[in-house]
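K.L.:
Take this structure, written in structure tokens, and hold onto it; I'll ask about it next.
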Amino acid sequence: MNLDDSPYQGYLYAYPHKTAYRALDPRPLLTDVWAGEQQNSLFGYVHLPFCEMRCGFCNLFTRANPPAEQVTAYLSQLRRQATAVRASLAPDASFSRLAIGGGTPTYLTAPELEELFGIVGEAFGAGPVPLSVETSPATATPDRLAVLAAHHTTRVSIGVQSFVEAEARAAGRPQRLTEVVAALDAIRAARIPVLNVDLIYGIDGQTAASWQHSLDEALRRRPEELYLYPLYVRPLTGLGRRAHGRADWDRQRQELYRQAVVVLTDAGYVQHSMRQFRRTGAPEPDGPDYCCQDDGMVGLGCGARSYTTELHYSFDYAVSVTEVRAVIDDYLSRPADDFRYAEIGFHLDAVEQRRRWLLKSLLRADGIDANAYLTRFGTTHHDDFPQLSVLVDRGWLDDGRVRLTADGLAHSDAIGPWLVSGQVRAAMGAYVLR
């Protein structure tokens, strides 16, 4: 792929993307999948695929307003899966990071959250490791947050998106500003160490002044982290089903992004990627080290991924309302024995393992640890990826091919897809999104 043709409609939060996964035949036993893996610093993730609304920009695996009996059934099935998955790991397997996402985990009531944390403790242990939980303005209520705090949640991430009600509606996220403010106040009152606020730029009708207003309102709460996301219009989402967008959208997006970098840097935030900004002096995760390039991830729940060195696996993936419901129904109907196997996934050969390592490093502000790459693979990233010289010539990568420049970070969403292998791109292109 030519770098100028690289799409600006997504970001590489995982490699390879789930649309490159295929049915595994035969299905491998998880005990075999994990047998040769280092299991002393794992990431544990639980997916709760329910929300109070489906935002117009959202292509995550989630269902809005499920019936109460389905939530009850989901928690019961999650416990059965957790038992099977834990039995597939080494007896001394330990976790250095935990996260509960979705969906919106705090869609659950406070008693249901208590049940969820019981499952998390049984699956991943109850040790004092960093734990992040997603929430929303409508569900960040004091009773729910009290449960999170009681179970030693160290980070809460809330998708505010915009402090301008008209912009939130334009992004397919109708919400009242009073509800947003109440949620932020409740999170602070719960004394959870790290608050992350998500904001979106590139919304129809958004201006430099209104974007500045959202940045200022977020900074007034002094969140420990801010994540900034451009508004992408993806297939089968609410925004994707109606006409949306402007001819000058990409130019304006770049202007708003660069405006935010200046504002947040001046406010004492350090940029860690195109999206992540962290306040200087904010509490650091206090627990064992975890390296996403090398250490494995164990996912629980319908929609969760798991990563080993050679296999990434999950359940089926869908975006449309009817297909998401069908996948959840299938998950709930599974016998417990099914959870002993990996069903849908992607095998990473030596070349793909190198590429994933490169991508997970290059798109971070710290860049590539050349010595760690050499130790891990016995080769240099310069030799393995000579195409990086193109980024140097553009001024997007430093001369040592180690770290993206400021312009390079700004173009991360072009660089990521450009570096996707032909094999993965072909698999993604052949996938029929449902």
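The values are calculated or read from the model by the stated rules, or taken from the named source; none is laboratory data. Fair warning: this is a prediction, and the values are worked out from it, not measured in the lab. Neighbour counts run over all protein chains shown; Cβ positions are idealised from the backbone, glycine included.
K.L.:
Quickly run through region 312-347 and pick out the residues that are crowded, with 21+ Cβ neighbours inside 10 Å and assigned to a strand (DSSP E or B).
P.N.:
Result: 312, 313, 314, 345, 346.
Here is a yes/no grid of residues against (1) in a loop (DSSP other than H, G, I, E, B); (2) modelled with pLDDT of 95 or more; (3) under 26 Å from residue 159 (Cα atoms):
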{"residue": "75", "(1), (2), (3)": "no, yes, yes"}
{"residue": "78", "(1), (2), (3)": "no, yes, yes"}
{"residue": "83", "(1), (2), (3)": "no, yes, no"}
{"residue": "86", "(1), (2), (3)": "no, yes, no"}
{"residue": "90", "(1), (2), (3)": "yes, yes, no"}
{"residue": "106", "(1), (2), (3)": "no, yes, yes"}
{"residue": "111", "(1), (2), (3)": "no, yes, yes"}
{"residue": "118", "(1), (2), (3)": "no, yes, yes"}
{"residue": "129", "(1), (2), (3)": "yes, no, yes"}
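K.L.:
Which of the residues belonging to region 261-311 are hydroxyl-bearing (Ser, Thr, Tyr) and touching a Gly at 6+ places or on another chain (Cβ under 6 Å)?
P.N.:
Across region 261-311, the qualifying residues are 280, 306, 307, 308.
Condition check ((1) within 16 Å of residue 309 (Cβ to Cβ); (2) assigned to a helix (DSSP H, G or I); (3) touching a Leu at 6+ places or on another chain (Cβ under 6 Å)) across all residues:
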{"position": "356", "(1), (2), (3)": "yes, yes, no"}
{"position": "366", "(1), (2), (3)": "no, no, no"}
{"position": "374", "(1), (2), (3)": "no, yes, no"}
{"position": "379", "(1), (2), (3)": "no, no, no"}
{"position": "382", "(1), (2), (3)": "no, yes, no"}
{"position": "386", "(1), (2), (3)": "no, no, no"}
{"position": "391", "(1), (2), (3)": "no, yes, yes"}
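K.L.:
Just for region 138-159: of the residues that are within 19 Å of the chain's Cα centre (by Cα) and modelled with pLDDT of 95 or more, which one is nearest to residue 83 (Cα to Cα)?
P.N.:
Going through the qualifying residues, I end up with 153.
K.L.:
Pull out all pairs, ordered by first then second residue, where Cβ-Cβ is under 8 Å, the residues are six or more apart or on different chains, the first lies in region 306-325 and is on the phi > 0 side of the Ramachandran plot, and the second is in a strand (DSSP E or B).
P.N.:
That search, which allows pairs on different chains as well, returns nothing.
K.L.:
For region 274-311, how many residues meet the condition of being at pLDDT 95 or above, within 14 Å of residue 37 (Cβ to Cβ) and in a loop (DSSP other than H, G, I, E, B)?
P.N.:
Matching residues across region 274-311 total 4.
K.L.:
OK, next. Which of the residues that make up region 406-427 are over 19 Å from residue 259 (Cβ atoms) and in contact (Cβ under 8 Å) with a residue 24 or more places away in the chain?
P.N.:
414, 415, 416, 417, 418, 419, 420, 421, 423, 424, 425, 427
K.L.:
Just for region 393-405: of the residues that are without any contact (Cβ under 8 Å) to a residue 40 or more places away in the chain and not in a loop (DSSP other than H, G, I, E, B), which one is surrounded by the most Cβ atoms within 10 Å (Cβ to Cβ)?
P.N.:
Once the filter is applied, the top-ranked residue is 397.
K.L.:
Could you list, in sequence order, all residues of region 187-233 that are part of a loop (DSSP other than H, G, I, E, B), within 18 Å of residue 270 (Cα to Cα) and basic (Lys, Arg)?
P.N.:
221, 222
K.L.:
For region 96-142, what are the residues that are surrounded by fewer than 20 Cβ atoms within 10 Å (Cβ to Cβ), touching a Lys or Arg at 6+ places or on another chain (Cβ under 8 Å) and of a type in the set (Val, Ile, Thr)?
P.N.:
109 - this is the single residue of region 96-142 that is surrounded by fewer than 20 Cβ atoms within 10 Å (Cβ to Cβ), touching a Lys or Arg at 6+ places or on another chain (Cβ under 8 Å) and of a type in the set (Val, Ile, Thr).
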